[in-house]
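Right, one structure below, let's go through it.
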Amino acid sequence: MSIKKIIEGKKEWRAHVARVKELPQDYQIVYKEIQKYLFKVGPVELNEGVGLLSEILSFFEEGVAAGKGVLEVTGTDVAAFCDALIEDSKTYADLYQESVNQNVNEDQKK
């Protein structure tokens, strides 16, 4: 990765964080919990910039503009909300599972 891309990525991230800080406190709390959850679950696409996180942030900004509470936007089960967002995404857990299965299959062929 070039230095230029790293710098651009940092600028993009700082702008993203600034937008998060403009949300009402309850939205910020839920956003940070979603972010932690997604970083732990590990959708591969999170390494490709702030795409998914930016979409969530835009969704939250729309909720604020509509005067909705954060749990009206996400539902009361925030983990289920996150799982629904990434249900079609490949996660690091998926990659690891594929790797293990491939290694087992190779060992069985020997």
### Query
Do we find that PHE81 is within 16 Å of LYS40 (Cα to Cα), open to solvent by less than 50 Å² (accessible area, probe 1.4 Å) and touching a residue at least 12 places away in the same chain (Cβ under 8 Å) in this structure?
yes
### Query
Which one of the conditions (1) within 30 Å of LYS11 (Cβ to Cβ); (2) without any contact (Cβ under 8 Å) to a residue 24 or more places away in the chain; (3) assigned to a helix (DSSP H, G or I) does PHE60 fail to meet, given that it meets all the rest?
(2)
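Each row is one residue, and each column tells you yes or no for (1) exposed (fewer than 11 other Cβ atoms within 10 Å of the Cβ); (2) closer than 28 Å to TYR96 by Cα; (3) at pLDDT below 95; (4) not hydrophobic (A, V, I, L, M, F, W, C).
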{"residue": "GLY9", "(1), (2), (3), (4)": "no, yes, yes, yes"}
{"residue": "HIS16", "(1), (2), (3), (4)": "no, no, yes, yes"}
{"residue": "VAL20", "(1), (2), (3), (4)": "no, no, no, no"}
{"residue": "GLN35", "(1), (2), (3), (4)": "no, yes, yes, yes"}
{"residue": "LEU38", "(1), (2), (3), (4)": "no, yes, yes, no"}
{"residue": "LEU46", "(1), (2), (3), (4)": "no, yes, yes, no"}
{"residue": "GLY49", "(1), (2), (3), (4)": "no, yes, yes, yes"}
{"residue": "GLY63", "(1), (2), (3), (4)": "no, no, no, yes"}
{"residue": "VAL70", "(1), (2), (3), (4)": "no, no, no, no"}
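The values are calculated or read from the model by the stated rules, or taken from the named source; none is laboratory data. Just so it is clear, the structure is predicted and the values come from calculations on it, not from any experiment. Positions of Cβ are generated from backbone atoms using ideal geometry, with glycine treated the same way; all protein chains shown enter the neighbour counts. Each accessible area value is taken on the protein alone, full model and side chains, heavy atoms only, with ligands, DNA and RNA left out. Shrake-Rupley method; radii C 1.70, N 1.55, O 1.52, S 1.80 Å.
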